[in-house]
Structures are given as structure tokens and as C-alpha cells.
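Taken together, the values in this text are just the output of simple stated rules run on the coordinates, not laboratory data. Everything numeric in this text was worked out from a predicted model, so none of it was measured. Note that each Cβ is placed from the backbone with ideal geometry, even for glycine, and that neighbours are counted across all protein chains shown.
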Amino acid sequence: MHIAVALLTDAPAQMLPARSMMAFTLASHIILVPLGVALPLITLVMHGYGLRRGDPDALLLARRWSAVMAVQFAIGVVTGTVLSFEFGLLWPGMMGRWGDVFGIGFGVEAWAFFLEAVLIAIYLYGWRRLPSRTHFLLGLPLPFAALLGAFGILAANSWMNTPRGFTLDSAGNPTDVKIWKAIFTPMFGPQYWHFVVAMFVTAGYVVAGVYAVGWLRGRRDRYHRLGFTVPFTVAAVLTPVQFVLGDSIARQVFHKQPVKFAAMEIVWDTDTHVPEYLFGRLHPDGTVSGGIKIPQLDSILAGFRPDTRVTGLTSVPASDRPTATQATITHFAFDVMVFIGSLLLLLALWYGVLWLWRRRLPTSPWFFRGAACAGVASVVAVECGWITTEVGRQPWIVYENMRVAEAVTSTRSTGLWITFGIVVAAYVFVFGSFLVVLLKMRTRWRLADERSGPATSVETPETDTPYGPRSAVAAADTSRTGGDGPSSAGGGRP
């Protein structure tokens with residue numbers, strides 16, 4: 001019988017709906033994560049620039065980005081909470097046995113979430129009510145709270161990839177837990193920094209992409225140039241850094257998770273002088289079809305020498321490695337991530353070279369078309385990174401210690417499929433609401449700007465805000481126009 005069919009036949013009926021639900025909710029939640037982790041810092045960079053230069057456009061941008069940050073955080077709370085519940089409901093075997101070892105990461109993330117909520121509330125409240133310097137200083141802890149949340153999640157995930165900090169008793173249960181070793185596993189450092197920099201790169205390109213579209217539509221005033229330049233510069237500076245970090249984490253996977261590396265590169269037999277396949281499909285008999293074969297390159301990339309020995313999938317029994325289909329999915333996701341990263345690097349170099357040479361933005365429409373697409377492309381790259389991490393680890397939920405089949409719930413598969421359908425419907429509603437809110441904010445800001453003109457009014461963003469009572473002038477303007485006044489929350493350009 002076909003190996004993949006045999007493995008699926010032995011798997012519990014709950015496996016497919018449980019994994020499908022977890023994959024869907026994680027893929028949905030991660031769309032919001034870049035803005036949650038990186039937008040606070042990008043906003044504060046713009047805020048600080050505005051205060052230092054006395055720039056009303058920069059302050060207006062920071063204020064509006066803070067409103068987007070608040071809406072995104074509210075949606076992220078919903079999707080993140082669902083994921084937290086799913087760990088216990090869908091994978092009770094893992095949480096029951098291993099929760100005492102790696103659960104500290106979820107605790108850190110929960111406290112960081114709570115702290116970030118308080119800090120966002122203070123930051124939003126302060127736009128009207130606090131002195132500008134005090135307000136800015138109170139916003140400075142926000143990026144650290146966001147990074148602390150990422151710390152907790154990545155600590156838990158890196159432990160699942162390289163579990164440490166415990167010993168097993170005669171029954172196979174963990175004892176003598178050492179928290180610091182469980183947190184700072186061999187994969188934690190590479191995984192954490194690769195993830196964090198990816199979030200800043202993605203958020204920078206996503207935010208800049210909005211203003212790149214505005215540039216293509218003829219909105220080329222200083223407001224749009226500033227809204228593009230600051231986040232794009234953050235992303236462009238970090239893109240080559242991310243390339244180096246990506247190479248580093250791939251090499252760590254080669255040393256610490258050799259079977260996962262074999263899936264990423266579709267290496268069947270352990271050998272030296274291993275070729276690199278750009279895309280391609282692995283078959284159950286070990287042959288590869290399609291793609292572009294580059295002789296010896298995989299060995300060179302792994303160890304800088306063509307005679308580097310690369311472990312193959314057949315180094316372990318079939319039950320302990322990804323199937324050919326899973327390896328192909330992992331390989332495709334990895335290659336797509338690298339391909340997108342390479343395109344983003346070229347875009348960043350285009351921007352950087354022109355800026356250093358002539359101290360100005362590129363004027364080519366093709367550059368701004370690329371910048372407009374970069375946000376979506378970087379989100380796709382992030383999704384592919386998680387696919388590589390999770391699918392490449394199969395069949396293990398805790399690498400070499402517990403299989404996914406051992407951790408899955410005993411709830412009937414029919415109930416899981418029904419729950420999955422409810423979750424999909426709920427997420428469509430939640431993300432649809434998120435999109436509607438953002439579009440309404442954009443429309444209201446644009447209308448307010450058309451009424452008020454350039455952001456040079458007496459009421460600056462530091463003294464008027466979307467939250468709290470409107471000023472008398474803004475209220476009067478609202479009553480005349482039937483909408484928000486120029487100094488209201490809705491005021492602004494898209």
C-alpha cells in the first residue's frame with residue numbers, strides 16, 4: 001500500500017478537521033500580527049519625527065495610524081483568543097503532558113497582551129489630554145510590549161521544534177522542568193529574530209503600500225510622500241538583515257532538525273554534493289519531477305562546501321518523517337518565501353541606491369507598482385514561513401517526543417467539522433467588519449481633508465483626536481457638513 005495512504009489510514013478521524021481548523025485560524029491570525037508587532041514602533045517613529053520637526057503632516061499620520069493600531073489590536077484579541085482555546089480543545093494530549101514545560105510562553109504572551117491593551121488606551125487617550133512630550137514618552141513602552149508578546153509565542157513554538165528543559169520518567173512524562181532551558185532552546189534565538197524582523201519588514205511594506213497606491217493615483221503631496229517614505233525606509237533597511245537571518249535559521253534547521261531540512265529541500269537519501277531544486281515535486285519513490293535542478297548547490301548552501309553531507313528523509317522510518325506530499329508542500333512554501341524575499345531585496349536596493357545617490361524617491365511608476373504589491377507579497381511570505389515551520393515538523397507536534405496523532409482530541413470528527421464551519425463563518429464576519437471599518441475611516445479622512453485642505457490649521461493633531469469630545473469648531477463644522485470636522489478622528493487623507 002502507498003506509504004502516505006497507510007499513514008492516513010492509521011491516523012485518527014479527528015486529525016483532519018482539527019488540523020484544518022488550526023491551520024485556518026493560525027493563517028487568519030497571522031495576517032494581523034505584523035501590524036500588531038511593528039505598527040506601534042513605526043507610529044512612534046513618525047510621531048517623534050513630527051514633534052522634533054514641528055511637522056503637522058507627520059503628527060496627523062501618527063494619529064491616524066494609532067487609530068488603525070487600535071482597531072487591529074481589537075481584532076487580534078479575538079483571533080488570538082480563539083487560537084489559545086484551540087490549543088487546549090484540539091490538542092489536549094500535548095497540553096496535558098507538556099503544558100507544565102512550555103506553558104510559560106503562553107503566560108508571558110497573555111501578560112504582554114494585557115499590558116499592550118493598557119498602553120494603547122493610554123496612547124490614544126493622550127492625543128488630546130496630555131502635553132506632547134509626556135504623551136510621546138508614555139507611548140515608548142508600546143513596542144516593547146508588542147515584542148514581549150512575540151517572545152512568549154516564539155518561546156513556545158521554538159520549544160516544540162527543539163524541546164529542552166525536562167527529563168522523562170519511566171512513564172514518559174516530563175519531570176524536573178528547568179524553565180530557562182525550556183524557554184531558551186537552540187531554535188529560540190534564530191526563530192525569534194527572524195520572526196520579529198519579518199514583522200517589521202511586512203508592516204513597513206503594508207503601510208507604505210497604501211501610500212504607493214495613492215502616489216499611482218496622483219496623490220503626490222507631502223502627506224503621501226511622508227506616509228510612504230518612513231515605513232518603506234524601515235522595511236527597506238531591514239530587508240537585507242532579514243535575508244541574513246533567514247540564511248542563519250535555515251542553517252540552524254540543518255543542524256538541529258535535519259529531517260525538516262530534508263523536507264524543505266526535498267532531499268530523499270543522505271548524500272554529499274546534493275543538488276538544489278527550485279520548486280519541483282517529490283514522489284513517494286524519492287524521485288523529483290519539475291522544478292529547476294542546480295547541481296551541488298544544496299550542499300554548498302548548507303555547509304559552504306559541495307562535499308557537505310545532507311541528511312535525507314530516508315534516514316528515519318517513514319512513520320517519523322513527513323510524507324512526500326508534506327515535504328513538497330514544505331519545499332514549495334520555503335521556495336516561495338525565498339523568492340518573495342529576493343524580489344523585496346531588489347526593490348529595497350532600488351530605493352536605497354537612488355536615495356543615497358540623488359537623495360530623492362524613485363519616480364518610476366514601476367517602482368511604486370512594486371511597492372504597492374510588496375505589502376501583500378510580504379504577508380504571503382510570512383504565511384509561507386509558518387507553513388514551512390509547521391508542516392516540515394510532521395508527524396511531530398513535539399519534535400521527536402510526541403506525534404500529532406497522540407495529541408489530538410477524542411471529540412467526534414463530525415462535531416469538529418461543524419465547529420470548523422462556525423469558525424470560518426465567524427472569521428468571515430470579523431475580517432469583513434475589520435475591512436469595512438478601515439474603509440470607512442479612509443473615506444472619512446479623505447472627505448475631511450478635502451474640506452480642510454493641507455494640515456496647517458491651528459488645531460494640530462496633538463490637541464485634537466478621534467477620542468473624547470470634539471472641539472467647538474469641529475462640532476460646528478460637523479453640524480454644517482453632516483460629517484466629522486477637519487480636526488475630528490475621521491479627518492485625514494487615505
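Numerical summary
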quantity	calculated
Value at 222 nm in deg cm²/dmol, rounded to 500, when DSSP H runs of n ≥ 4 in the chain each add -39,500 (n - 2.57)	-24500 deg cm²/dmol
5 angstrom amide H check on Asp271, placed H, neighbours 5+ away	Val310, Gly312
Prolate/oblate/rounded label for the stretch 67-106 (Cα gyration tensor, a/c 1.5)	oblate
Virtual spin-label span in nm between Asp169 and Ser20, 7 Å along Cα→Cβ	3.9 nm
Under the Karplus curve 6.51 cos²θ - 1.76 cosθ + 1.60, θ = phi - 60°, whole-Hz ³J(HN,Hα) for the stretch 202-210, x wherever Gly or Pro sits	5, 4, x, 5, 5, 5, 4, x, 4
Gyration tensor verdict on the stretch 302-427 (Cα atoms; rounded if a/c is under 1.5, prolate if a/b is larger than b/c, oblate otherwise)	oblate
Cα gyration tensor shape for the stretch 110-261, rounded if a/c is under 1.5, else prolate or oblate	oblate
Cα-based helix-to-principal-axis angle, 472-481 vs the chain, degrees rounded to 10	80 degrees
Alpha-carbon centroids, the stretch 252-273 and the stretch 45-85: separation in whole Å	41 Å
Acute angle (nearest 10 degrees) that the helix 141-161 long axis makes with the longest principal axis of the chain, alpha-carbon atoms	10 degrees
Using θ = phi - 60° and Karplus 6.51 cos²θ - 1.76 cosθ + 1.60, couplings along the stretch 70-76 (whole Hz; Gly, Pro as x)	5, 5, 4, 5, 4, 5, x
Tilt relative to the chain, helix 104-129 - C-alpha long axis, 0 to 90 degrees, to 10	10 degrees
